[in-house]
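Trainee: The structure follows.
The values are calculated or read from the model by the stated rules, or taken from the named source; none is laboratory data. For clarity, every value in this text was computed on a predicted model and none was experimentally measured. As a convention, Cβ positions derive from the backbone with ideal geometry for all residues, glycine included, and neighbour counts pool all protein chains shown.
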Amino acid sequence: MAKKKSKPDKSKDDPNFKMVCRNRKARHEYDIMDELECGVALTGSEVKSIRAGKISIDEGFARIQDGELWLVGCDIAEYPQATVMNHEPKRRRKLLIHKRELSKFAEQADQKGLTLVPLAVYFSKGRVKVNVALARGRKTFDKREKLKQQSDKREMRDAVTKRRR
């Protein structure tokens, strides 16, 4: 059984960690099967723009092409001070992972109904990291059922805390 990578929910006290962007919609629309932390090949103006928080991964997804993993549809806004040396906002970006991790993910991503979705972008030790998840799309009734379960858990937790008072 494969070892599951931890989520990028590092402590707030860690000076080497800074959350930049999170895809909250993905956890609602997909069942997350497995997660993987990847590096990203970026230009200088892209890194500066990410530090400023000008990134959106809501429409992004990952794709395996020619034995490499690519981040597609992610929007990093142009950095105003870069002038001529600026980057293209919607270009494909190469994700950096080990070959054995790629082959494991490639096998699973080829299954019907599975996709690779970016969950979060953050800085770890000064480097940009992307948390990519292997996910299966949810139907509308599955989404409603999950919301109902979360609501029930919240109500039970609130009832227990009220009784303690």
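Trainee: Between a residue in the stretch 138-165 that is closer than 16 Å to Tyr30 by Cβ and among the polar types (S, T, N, Q) and any residue that is modelled with pLDDT under 85 and exposed (fewer than 10 other Cβ atoms within 10 Å of the Cβ), which pairs come within a Cβ distance under 8 Å, given they are 6 or more apart or on different chains?
Mentor: Listed pairs, sorted by first residue: none to list.
Trainee: Kindly indicate whether any position in the stretch 106-121 is part of a helix (DSSP H, G or I), within 18 Å of the chain's Cα centre (by Cα) and not small (Gly, Ala, Ser).
Mentor: Checked against the condition, which is being part of a helix (DSSP H, G or I), within 18 Å of the chain's Cα centre (by Cα) and not small (Gly, Ala, Ser), the stretch 106-121 yields at least one hit.
Trainee: Continuing with the same structure: Which residues, counting only those in the stretch 83-105, are outside any helix (DSSP H, G or I) and either closer than 17 Å to Leu134 by Cβ or in contact with a helix residue (DSSP H, G or I) (Cβ under 6 Å, 6 or more places away or on another chain) (or both)?
Mentor: Asn86, His87, Leu95, Ile97, His98, listed by residue number.
Trainee: Tally the residues that are assigned to a helix (DSSP H, G or I) and either in contact with a helix residue (DSSP H, G or I) (Cβ under 6 Å, 6 or more places away or on another chain) or surrounded by fewer than 18 Cβ atoms within 10 Å (Cβ to Cβ) (or both), restricting the search to the stretch 35-46.
Mentor: Counting residues in the stretch 35-46 that are assigned to a helix (DSSP H, G or I) and either in contact with a helix residue (DSSP H, G or I) (Cβ under 6 Å, 6 or more places away or on another chain) or surrounded by fewer than 18 Cβ atoms within 10 Å (Cβ to Cβ) (or both) gives 2.
Trainee: If only one of Leu119, Leu96 is touching a Gly at 6+ places or on another chain (Cβ under 9 Å) and within 21 Å of Asn16 (Cα to Cα), which one is it?
Mentor: Leu96
Trainee: Okay, next question. Within the stretch 67-79, is there a residue that is in a loop (DSSP other than H, G, I, E, B), under 14 Å from the mean Cα position of the chain (by Cα) and within 15 Å of Val128 (Cβ to Cβ)?
Mentor: yes
Trainee: Okay, next question. I'd like to know if the stretch 127-144 contains one or more residues that are more than 18 Å from the chain's Cα centre (by Cα) and hydrophobic (A, V, I, L, M, F, W, C).
Mentor: yes
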